[in-house]
Each structure stands twice: as C-alpha cells, then as structure tokens.
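Notes follow once the structure below has been shown.
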Amino acid sequence: MTKTRLYTPGPVETPPQVLNAASGAMLHHRSSAFVDIFLETRNRLAEMAKVEGEDVIILAASGSAAFEAGLINTVPKGAKVLSINAGKFGERWFKVATSYGYEVVEYKLDWGNVADPLEVARLLKEHPDCAALMTTHSETSTGALHDVAAISKAAKEIIPDMFVLVDCVTSLGVCDVDPNTWNIDGMFSGSQKGLMSPPGLAFAWLSERAWASVNNLNSYFYMDLRKERAAQQKGQTAYTAAVGLVQSLNVALEMLLAEGKEAVWARREHMNQAIIDAAVSMGCTPFAERTSPAVAALRAPEAVAAPDIVKAFAKRGMTIAGGQDHAKPYLFRPSVMGYADSYDVITVVAALEDVLRELGQDVAYGSAVAVAMKYLNTTA
Ligand SMILES: Cc1ncc(COP(=O)(O)O)c(C=O)c1O
C-alpha cells in the first residue's frame, strides 16, 4: 500500500473536520441555518484578512474569478493599467486585463524576481494616466513574495487616486495580508490554499474608494460585486451559495483563528524555510529573490531534471508541483501550506533525500532530515 500525500501549493491537504463539515444533510441556501453559517464565515474571513467589519465577498468560483471581478467592477473599460508580471500568475493578471480590452502596460521581470518599487514609480511617471496597478503578492510559480506595501506606496506617490489590486491567492492565511495598512484597493484570494479548504470559493475585498467606483463600468452579470455585497451583508448570496464549501471554510477558519493568525503565519514560514534549508544541503538552490512562505520553489541540482523529481515523488504517493512553462526542466515546488505540521516537513525532506539518491546524487541518508529537524527545533 502507498499512502497518498498532497504537498502542492494548492489544492492542499484538508483537515477531516473541514471535509466532514459538508457531509451532513444539505441545507437550503436561503434557510436561517445557512444564513447563520454564512455570516459567521464572512466575519471569520474578514478577521483572517485583517478587515474586520468590512465586506469580503465570497463567490462560488476559483480564485482567478475574484481578481477578474475586482478589475472589471472597479476600472472602466479601455482604461490604461499597469500589470506586474514576474511569473505565471502575474501573467494571468495581464491576460485577464488584455482580454477585457484594457490598455495594459507591462512591468515584466525575470521569474524569481520581485518588483522594484522604484521601477513601479518610474513606469507610472511615464504613464501618469494609469487607473490601476495589478500585482501578485505571493507568486506561486516562482515562490517569490512581492512587497505589496512598498509597491502600493510607490504607486500612490505618483498617482494618488489609482487602484492597487492584489492577487493574494497564496498569501491569505499564509502570511500577513493587511489591505488597509498597505493602502491597497482590492485583495483577492481562494479557498484551496492557505485556508486549507476544498477548491471552489473565491474572495474579493475592495477598499471603500474602490466600492464607490463600482457602477456598471463594464458588462458583467454574475460578477456584479455590488449585487453580491448587498445580498451578502444579509447572509445571502445573489445566486445559489456553494453551501458545502462555505460550511467547510467556516470550520477551517475557526481552526486557523483558534491557533492565531500570527502563530499560523510563523509556523508556515518556519516549515517552508526548513524545507528550503534541507534542500540546499542536498545541492538544490532557492529560486526566489524574496521567499514566499507558501511554497518551497527549488532549483534541482545541476545533473537532475526537475520533472524526474516530481515523478519520483509521485511513485511514493506524494504529489508535489513541478515548474511551470519554461521553468519546468529545472524547478520543483513542494508546499506545506495546507493541513500540515513539522512532521510533514520531515516527510518531504526524507522523500527528497531518497529521490535525489535514486537520481544519482550523493546524499547521505538522514543528512537533510537532520538539517530540517535542527531548524524546526532551534529557531523560534
Ligand atoms: C498566486 C496565484 N494566483 C492565482 C491562482 C489561480 O487560482 P485559481 O486556480 O483558484 O483560479 C493561483 C493558483 O495556483 C495562484 O497561486
């Protein structure tokens, strides 16, 4: 028998009690029992996103829908926008905006790098008519964490009334996400990453200034965030709610908030770094300029093809992510951002020892495990 284990940067391992939350009798989405759960979930989500008392819209969709909705609800058709593209998901922002006919200025970086606020400022001076800036926070394809606060500050010094819209799909619940302090206007995420819930829910938070601009700027129907806001404040959704997914999310948020946001962030950062340090001891190289705690993006040792690492993990029942697009030959990306603890880190590292040995690398059994154990036990 091989036990299956999910160590990808989403979907992630999900606690049994989160899955079980959706296993009872089906609730009607307009019933008072569901309204209570929906309102509780909204409050917990807002607490997780540090926007207590504000609206985080819950959509029955995957994360990409939230940022698409955020853009088309706040920025008029045809407007000029600046898109930061340093990986697969930055590129998605670019594609979404292009597909709606926005005039997109692209700030393109090599994969692994993070946006330079000075360059953001320079580009905006060149394009002072930009209505919005879109960026990823945690760029999952490269394991890089952009400094959203610094980007937003630089942008708004040049164009104070522009909107800063941020894809926080693999940062919400993983590390500090603080929309008001960062002075951003849109924060978008999904259920299947740091919130260790099943896939299928997308979240959208907008600043009050952004809400004020939501006024039929483009053609949309299902993606009408104003309509959702009005319904969701009353514990309703404009259309049929994803009842079971909301029930699951509610339990997951309860667990994470009981642990404490800061404790969750510290734990995840610590676990991710333990994998990176252990992998470095076996000849792998961290890929990102500034590490996101959501994923250990690692360059394989010179003589090893990364897809072979991914395949060898699969042979052991473990799913990890490989590199995307041109990074496929050399990048692999295990992640423990879901329902995982220190012993999952040890499992990933022990498997990587085994896999690299199988692929011809000179790795002593237990050597990287020792690195990870020491890091996990000695660093706060
Ligand atoms: C940073 C980032 N943005 C967007 C997405 C897309 O999310 P979804 O697949 O939920 O639409 C992902 C998924 O991996 C992601 O990691």
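Coordinate-derived values only; no laboratory data. Since we're looking at a predicted model, the values are computed, not measured. Here the Cβ is made from the backbone with ideal geometry for all residues, glycine too, and neighbour counts use every protein chain on show.
Annotation for segment 1-83: GluC sites (Glu not before Pro) lying in DSSP loop with at most 11 further Cβ atoms inside 10 Å of their Cβ are Glu52.
Among residues other than Val35 with Cβ under 12 Å from its Cβ, the summed charge is +1 (Lys and Arg +1, Asp and Glu -1).
Calculated from DSSP H runs of 4 or more alone, at -39500 (n - 2.57) each and per residue, what is the 222 nm mean residue ellipticity of the chain, nearest 500? Each step should come with its number before you reach the end.
Details: 13 runs with 157 residues, N = 380.
-13000 deg cm²/dmol, from helical runs alone.
What spacing in nm lies between the two simple spin-label points modelled at Tyr220 and Ala370, each 7 Å away from Cα in the Cβ direction? Taking the simple label geometry, Tyr220 and Ala370 are separated by 5.5 nm.
Counting neighbouring Cβ atoms within 10 Å and putting the fewest first, the residues Leu253, Leu352, Leu376 line up as Leu376, Leu253, Leu352. When you restrict to C-alpha pairs under 8 Å that are six or more residues apart and normalise by the size of the chain, the relative contact order lands at 23 percent.
If you fit an axis through the alpha-carbon atoms of helix 32-48 and take the longest principal axis of the Cα set of the chain, what angle between them do you get, 0 to 90°, nearest 10? It works out to around 70 degrees. Among Asp362, Asp36, a tally of other beta-carbon atoms within 10 Å of each Cβ gives an order, fewest to most, of Asp362, Asp36. Relative to the longest principal axis of the C-alpha atoms of the chain, give the angle of the C-alpha long axis of helix 261-280, reported between 0 and 90° and rounded to the nearest 10°. The angle comes out at about 40 degrees.
Identify the trypsin sites (Lys or Arg not before Pro) of segment 1-95 meeting these criteria: DSSP loop state and at most 15 other C-beta atoms within 10 Å of the C-beta. It would help to have the intermediate numbers written out before the result.
Working: sites: Lys3, Arg5, Arg30, Arg42, Arg44, Lys50, Lys77, Lys80, Lys88, Arg92, Lys95; in loops: Lys3, Arg30, Lys50, Lys77.
Answer in residue order: Lys3, Arg30, Lys77.
Applying both filters, DSSP loop and at most 11 other Cβ atoms within 10 Å, to the trypsin sites (Lys or Arg not before Pro) of segment 227-279 gives Lys234. Short-range pairs are left out: with C-alpha atoms under 8 Å and at least six residues apart, the relative contact order of segment 291-380 is 26 percent. Based on alpha-carbon atoms, the Kirkwood radius and the radius of gyration of the chain give Rg/Rh equal to 0.98.
Using the count of nearby Cβ atoms within 10 Å as a rough guide to exposure, how do Glu228, Glu302 rank from fewest to most?
On the way: Glu228 22, Glu302 8.
Going from least to most buried by this count: Glu302, Glu228.
Could you work out the relative contact order of segment 1-69? I mean the mean sequence separation of Cα pairs under 8 Å and 6+ apart, divided by the number of residues, in percent.
13 percent
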